Structure formats: structure tokens, C-alpha cells
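A short worksheet on the structure shown next.
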Amino acid sequence: EADIYQTPRYLVIGTGKKITLECSQTMGHDKMYWYQQDPGMELHLIHYSYGVNSTEKGDLSSESTVSRIRTEHFPLTLESARPSHTSQYLCASQRDGGLGTDTQYFGPGTRLTVL
Amino acid sequence: AQSVAQPEDQVNVAEGNPLTVKCTYSVSGNPYLFWYVQYPNRGLQFLLKYITGDNLVKGSYGFEAEFNKSQTSFHLKKPSALVSDSALYFCAVRDGTNAGKSTFGDGTTLTVKP
């Protein structure tokens, strides 16, 4: 069972608010990812990190930012939430290298609604 | 509970030959099926999906997949492989009646040799 956690699970917030979505994993994985997913649809990569102090933007343009100060923690921040940010945000982690260790482990997700 | 199986950890093909990456699934209700690719030093990238309609789905980079309900399969195919197709491929399923999270397979490493 994967040990990757996201908080909050659900968030309803007004336009213009600053929010931080938390993600932590206790598996010591170097690789971590943030995906955005509309209900029933595909994932889109918005940020990823391959280790401490390493962050990159993904394929989907996003106004969010991330940080990776500790291996286990990969928070995502929206400085000013807008209704277009309404979606589900999934955090994932992955061990670095080796056959059979490439599985991505997903957190339960944060369902964000911006009014 | 839903599940996905990718029976092959590795698939090796020669450039120019057709490739198949296998995926079978188990889900209650109508399945939503997805294929993703992960290139080195990147996150998952969406390739294609089956939600409803034609069983043959065409996606990015010349890939396609065929939904087979009786065999509960959704194999990824490409008529002519390129060396640049070498990557890790993930199949995923979710129950069409459930807006919860997808279940991913363990991944298949595709190596295309020149």
C-alpha cells in the first residue's frame, strides 16, 4: 500500500484567494508529480520534481507554483484562485529507476472548487 | 474493485516493425480507458482514451488502441515503431459511473532498436 497523502481532500474557495495543496509521501521517493484531472477525464501533468530543490513545469500550462524543500513534501500553491482552476489535483510519487519500481503511486486527490 | 494488468514488463521491437503493448482491465460498469507514456525525466503524458463510440481509438504520435469488451482488453498499437517511441507506457482504467481516481497498471518498458 502506497503512503502518499494529500490535504485537503475537498476545498471550496472564493476567487482571488491564495491556496496551498499539500502532498507528502513516506516512501523516500525522489520523483514527485502534480496532475490536473477534470472528472472522468485524462490526467495532465502540471509540475514535477526529481529531487530536493528540483522542480519543472509540465505539459499543461498552469498558474500554480511548487516547491521541493524536503524529499517527502511537494506542495502546490495557487496565488490567486480563479473559477478556471476548478478541478481535481492529483499528487504522485515514483521511485527512481529499476524494473518493477516504476509504478506511480497516487494520492487520493484534492477536489478544488473556486467560486 | 477495479484493476489493470500489463502482463509484460518489457517489450522489444525493431524500428519499422509493428508494436503492441498489452493491457487488460477489470471494472464494474462501463470502463473509461487511458494510455499514458512516460519519457525519461518527465511525468506521465496522455496518449489516448476510450470513453464510448468506436472501439478503435487513435491518439498522439501515431498510436492507436482497440477496446475489446469481451476480452476486457485495451492494447496499445502502432503500425511502425520509431526509436523515439522507447519509453515507459501505462494503461489506466476508471469506472465510468465513478468520478473517483483511476487505477494504473505497473507499466511496460518499450524499447525500439534501430
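For the interface of A with B, what's the total buried accessible surface in square angstrom, probe 1.4 angstrom, rounded to the nearest hundred?
Working: alone 6300 and 6260 Å², together 10670 Å².
Looking at A and B, the buried total is near 1900 Å².
Could you list the square roots of 5 times each eigenvalue of the Cα gyration tensor of the protein assembly as shown, that is, the equivalent ellipsoid semi-axes, sorted largest first and rounded to whole Å? Write down the numbers at each step before the final one.
Working: eigenvalues 178, 85, 48 Å².
Three semi-axes, in Å: 30, 21, 16.
What's the carbon and sulfur percent of chain A's accessible surface, probe 1.4 angstrom, rounded to a whole number?
Details: 2710 of 5360 Å².
Answer for chain A is 51 percent, counting heavy atoms of protein chains only.
Using a 1.4 Å probe, what is the accessible area per residue for chain B, in Å²?
For chain B, the solvent-accessible area averages 47 Å² per residue.
Assuming R0 = 25 Å, what is the FRET efficiency of B:Ser3 and A:Asp38, from their Cβ-Cβ distance, to the nearest 0.05?
Working from the Cβ atoms, E equals 0.60.
Please work out the C-alpha center-to-center distance from segment B:19-74 to segment A:3-45 and express it in whole Å.
Distance between centres, Cα-based: 24 Å.
Compute the relative contact order of segment B:10-114 as a whole-number percentage, counting only Cα pairs closer than 8 Å that sit 6 or more residues apart in sequence.
On the way: 244 pairs, mean separation 40.1, N = 105.
Relative contact order comes out at 38 percent.
Can you work out ³J(HN,Hα) from phi for every residue in segment B:46-59, in order, using Karplus 6.51 cos²θ - 1.76 cosθ + 1.60 and θ = phi - 60°, giving whole Hz and x for Gly and Pro?
5, 10, 6, 8, 10, 10, 6, x, 4, 6, 8, 10, 9, x
Roll a 1.4 Å probe over the protein chains and send me the accessible area per residue for chain A in Å². Each step should come with its number before you reach the end.
Numbers: 5360 Å² over 115 residues.
Dividing the accessible area of chain A by its residue count gives 47 Å².
Please compare each pair in B:Lys22/B:Lys69; B:Lys58/B:Lys78; A:Lys57/B:Lys49 to a cut-off of 21 Å on the Cα-Cα distance and tell me which ones are over it. Intermediate values should be presented prior to the final figure.
Numbers: B:Lys22/B:Lys69 14 Å; B:Lys58/B:Lys78 10 Å; A:Lys57/B:Lys49 23 Å.
Flagged as over cut-off: A:Lys57/B:Lys49.
Would you kindly find the accessible area of A:Val52, with a 1.4 Å probe and non-protein molecules such as ligands, DNA and RNA excluded, rounding to the nearest 10 Å²?
For A:Val52, solvent-accessible area is about 70 Å².
Take every Cα pair under 8 Å in chain A that's 6+ residues apart, average their separations, divide by the length, and report that relative contact order as a whole percent. It would help to have the intermediate numbers written out before the result.
On the way: 297 pairs, mean separation 41.0, N = 115.
Value for chain A: 36 percent.
Anything losing 10 Å² or more of accessible area from the isolated chain to the full protein assembly: pick those residues out of segment B:1-48, probe 1.4 Å, ligands and DNA/RNA ignored.
B:Asp9, B:Gln10, B:Tyr32, B:Phe34, B:Tyr36, B:Gln38, B:Asn41, B:Arg42, B:Gly43, B:Leu44, B:Gln45, B:Phe46
For a quick check of understanding: with a 1.4 angstrom probe and all protein chains in place, what accessible area in square angstrom does B:Asp106 have, to the nearest ten?
Per-residue accessible area (B:Asp106): approximately 100 Å².
Would you mind telling me which residue in A:Ser64, A:Ser49, A:Ser80 has the biggest mean-square fluctuation in a Gaussian network model of chain A, where springs connect alpha carbons within a distance under 10 angstrom?
Comparing A:Ser64, A:Ser49, A:Ser80 in the GNM, the peak value goes to A:Ser80.
So for chain A, taking the charge dipole from beta-carbon charges (+1 Lys/Arg, -1 Asp/Glu), which of A:Leu115, A:Gln36, A:Leu76 sits furthest toward the positive end?
A:Leu115
Using only the Cα atoms of chain B, each taken as one equal point scatterer with no solvent, compute I(q) by the Debye sum, divide by I(0), and report log10 of the ratio at q = 0.10, 0.17, 0.23 Å⁻¹.
The Cα Debye sum returns log10 ratios of -0.26, -0.76, -1.33.
So, R0 is 30 Å and r is the distance between the beta-carbons of A:Ile13 and A:Asp59; what FRET efficiency does that work out to, to 0.05?
Details: r = 25 Å, r/R0 = 0.85.
Once rounded, the FRET efficiency stands at 0.75.
Among B:Leu88, B:Leu19, B:Leu44, determine the one that fluctuates most according to a GNM of chain B built with springs between C-alpha atoms less than 10 Å apart.
B:Leu44
Roughly how many debye, to the nearest 20, is the charge dipole of chain B about its Cα centre, given +1 on each Lys and Arg Cβ, -1 on each Asp and Glu Cβ, and no other charges? Provide the component values of the computation, followed by the final result.
Numbers: 10 positive and 9 negative charges, 37 e Å.
Using only the charged Cβ atoms, the result is roughly 180 debye.
The values are calculated or read from the model by the stated rules, or taken from the named source; none is laboratory data. Keep in mind it's a predicted model, so treat the numbers as computed, not measured. Please note: Cβ atoms are built from the backbone with ideal geometry, for glycine as well, and neighbour counts cover all protein chains shown. Heavy atoms of the whole protein, side chains included, go into the accessibility calculation; ligands, DNA and RNA do not. Shrake-Rupley method; radii C 1.70, N 1.55, O 1.52, S 1.80 Å.
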